[in-house]
Number of protein chains: 2
Amino acid sequence: MTAFDEQPGSAAHVLELVANGSATSRADLVRELGLAASTVSVRVQELVEAGLLTESGEGASRGGRRPRLLRVADQGAVALAADLDSHHMRTGAVGHTGGAHDTDEHAFDLTAGPEPTLDALAERLSALAAHQRAAGRTVRGVGVGFPGPVDADSGRIVAPSRMPGWHLFPLRDRLAERLGLPVLLDNDANVLALGEHRAAHPSLRHLVVVKAGRGIGSGVISGGRLHRGARGSAGDISHVRVDATAEHPCSCGNIGCLETVASGAAIAAALRARDIPAESTADILRLVENGDAHATTLVRQAGRDIGAVLAVVVNFFNPEAVIIGGALSRAEPLVAAVRGALYERCLPMATSELTISAARCGPAAGLLGAGRAALREAAAGPQTACPPTRNGK
Amino acid sequence: MTAFDEQPGSAAHVLELVANGSATSRADLVRELGLAASTVSVRVQELVEAGLLTESGEGASRGGRRPRLLRVADQGAVALAADLDSHHMRTGAVGHTGGAHDTDEHAFDLTAGPEPTLDALAERLSALAAHQRAAGRTVRGVGVGFPGPVDADSGRIVAPSRMPGWHLFPLRDRLAERLGLPVLLDNDANVLALGEHRAAHPSLRHLVVVKAGRGIGSGVISGGRLHRGARGSAGDISHVRVDATAEHPCSCGNIGCLETVASGAAIAAALRARDIPAESTADILRLVENGDAHATTLVRQAGRDIGAVLAVVVNFFNPEAVIIGGALSRAEPLVAAVRGALYERCLPMATSELTISAARCGPAAGLLGAGRAALREAAAGPQTACPPTRNGK
DNA sequence: CCGACTTGCTTCGATGACCGAGGGAAGTCG
DNA sequence: CGACTTCCCTCGGTCATCGAAGCAAGTCGG
């Protein structure tokens, strides 16, 4: 019943490969999946009959018969996506291919509690749904990335330390009820990781995707699958201690947490302490782009701090790539500092073939991840039913 | 073709469940595996016919017919196991059940190079094999744990920084040739992790097993499977920086590595610097048991340092358990300090249901892990052939 | 321009894993 | 002693996948 898992050989996997361009024909799929040609044909036929895949013309010959090109049938099918952070709500509509449409950013306060957030979410997503439908598109589902621990199975928020009232709030079901659409809810870093993995690096098996924005989180792909850990809190590096001498206490009750020295919120606070007006990560980015020395120094130091934590993670987990996403990933000095810290502190063996780069999907990566995941759910739902106790007949 | 993987439903998995006591009858297996009773019966019958499983009497009724008890047919079948560290070679014979027999420890110098090590290994294992055969047992294979990075697929050693001559040495094949037996080679922490997981905690899915001995390493179980990472170096936490002010340079070229402040070698060196004679981890343990204040302080500090690194790992990976193995795990203060550091520095969410304990299999855990893995290989080999290109017929 | 070869895709049994129904064996319990 | 439970096996049936064969539609060298 877990949201994102999919068995390697089949069904949604085929859609995925076609959607992200890894395969454009049946023959491609055969090479990619390692299945028999006959099996792939059957699978494709099912998907075509279900209206999820279309044939669209023929491709270039490679010395023999021309392949019949396959495309995802995104005939106006979209998912709504929402990416939350503590002070903003970004929304958009996501199709099977291409970027996010109709995106919008909207200030609000997550700490005001679940009910106001639910209201704001429902309001904006309803409007978005109406707008999409007016444009002739079908809305298949909703994907939401939440900046805190989420129990993805039950669709509930789990105990964010500084967000009173949120503990065990059933955001997924409440939102689904309000919108009349299936909702997929997960941690923001997890949807980012899924989006980057599936869309930009589908062949990698072990991946760490960091979301550096107002807060800091990460999503972990192990063996090609999202690693949630024992209680779904895997990837939470925001409260790792990086500077025991730091004075700022953290909401978690410790001091020197990564979040208190390297997050967008911390950088903005440090800038304000120097009488430089900065509230959002956008402000920080603007300062850095304008060459503000203080801002650049702080951002670079944040990168070093994040890199110090990631160094442990890279030695321990030995991923094929570390991807930096989130708003701050657009600040070159931060990415460069992360790179430097990793190369300096990790074993050569762990870094010699390690890719370290900014998220390829850019600022909308979170939206894309959430939306695509929701689309995948919607597509896989009718087909890949839950193995146990489902077909009553 | 990877050494330890096994698909969930079948073959070796059944043996595993019976071997570690998770299942004692066909009905148990049905409950454990979730397969149909008929399927389980077929599987068991195959294993019985192959001589790998036996029926042995009947168990207590639970209100109906008595179950026919199953046991692993370890009719004298053993694997030889070797656990290497930089100055010792521990060997023993391991059956499907029970502990290691005929164990022996033998001082030698790994840094002397691969050929002398190969000679020493072959000599002791040949003697052990002869002894086991004289006692009427059949030797099915050999499992070796090596204290450094290993490419498990090719069975070769990978670039240990301070071990000249070892890079890409094909220890597995060379040893197999010398002994005329199939050899399984893996990192020492990995075999320890496999042993502890399969034998003591088979139901856990995410697990970190630390080997604290003369060096420090760890093995990672993710989703019930060993996580080796991109290049097989996952779990290598020995070169994480924990103390930038430390003066001791590390063989890796950095300073303040965990290994230089918290390993058995480092503790022994620190004791010697205070004119307390200590060479091996056994010496350290003796001092701690005798209440030596310096030794106890150093061991406790080592535990804190290890705990500091594990805190990052626990937040990031969110395992269900952290198991401390290796010689130093017998020092209570070290385990206690690790516990303390984890509870202090991790998120409550990551530790509230986290098990932190010493390895249940004790000092022979490494041997057991290596031996059991080799037995499993030997048993699975003829049955669970590699999926592609194997049955020539 | 024409065979020979390549590539793409489909059709059609064969295979094998798994399941479920049915039933027999051997218990417990009232 | 009968009703029910538990354990296990036997026997078709379903389903996914494979491989062989073949057709379709190209390229390419003579």
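The values are calculated or read from the model by the stated rules, or taken from the named source; none is laboratory data. Since the model is a prediction, treat every value here as computed from it, not as a measurement. We place every Cβ from the backbone using ideal geometry, glycine too, and count neighbours over all the protein chains shown. Remember, those area values only see protein heavy atoms, side chains included, never the ligands or the DNA or RNA. Shrake-Rupley method; radii C 1.70, N 1.55, O 1.52, S 1.80 Å.
Points worth noting:
- Looking across region B:8-21, the residues that are in a loop (DSSP other than H, G, I, E, B) and either more than 10 Å from DNA strand C (Cβ to nearest atom) or open to solvent by 50 Å² or more (accessible area, probe 1.4 Å) (or both) come down to B:8, B:20, B:21.
- Put simply, of B:334, B:328, B:310 the only residue that is within 12 Å of chain A (Cβ to nearest Cβ) and buried (at least 24 other Cβ atoms within 10 Å of the Cβ) is B:310.
- The one condition from (1) within 14 Å of another protein chain (Cβ to nearest Cβ); (2) away from DNA strand D (no atom under 16 Å from the Cβ) that residue A:36 does not meet is (2).
- Taking the criterion of being more than 9 Å from DNA strand D (Cβ to nearest atom), away from every other protein chain (no Cβ under 14 Å) and open to solvent by less than 50 Å² (accessible area, probe 1.4 Å), the residues of region B:22-33 that qualify are B:22, B:23.
- Selection over region B:68-93 of residues that are within 16 Å of DNA strand C (Cβ to nearest atom) and either within 14 Å of chain A (Cβ to nearest Cβ) or within 23 Å of residue B:134 (Cα to Cα) (or both) gives a count of 0.
- Within region B:281-309, the only residue that satisfies the criterion of being of a type in the set (S, T, N, Q) and over 24 Å from residue B:241 (Cα atoms) is B:290.
- The one condition from (1) surrounded by fewer than 24 Cβ atoms within 10 Å (Cβ to Cβ); (2) touching a residue at least 24 places away in the same chain (Cβ under 8 Å); (3) over 21 Å from residue A:85 (Cα atoms); (4) not charged (D, E, K, R) that residue A:276 does not meet is (2).
- Residue check, residue A:27 more than 7 Å from DNA strand C (Cβ to nearest atom) and not hydroxyl-bearing (Ser, Thr, Tyr): no
- Among all positions in region B:64-84, there is at least one residue which is farther than 28 Å from residue B:365 by Cβ and out of contact with any Asp or Glu (no Cβ under 8 Å at 6 or more places or on another chain).
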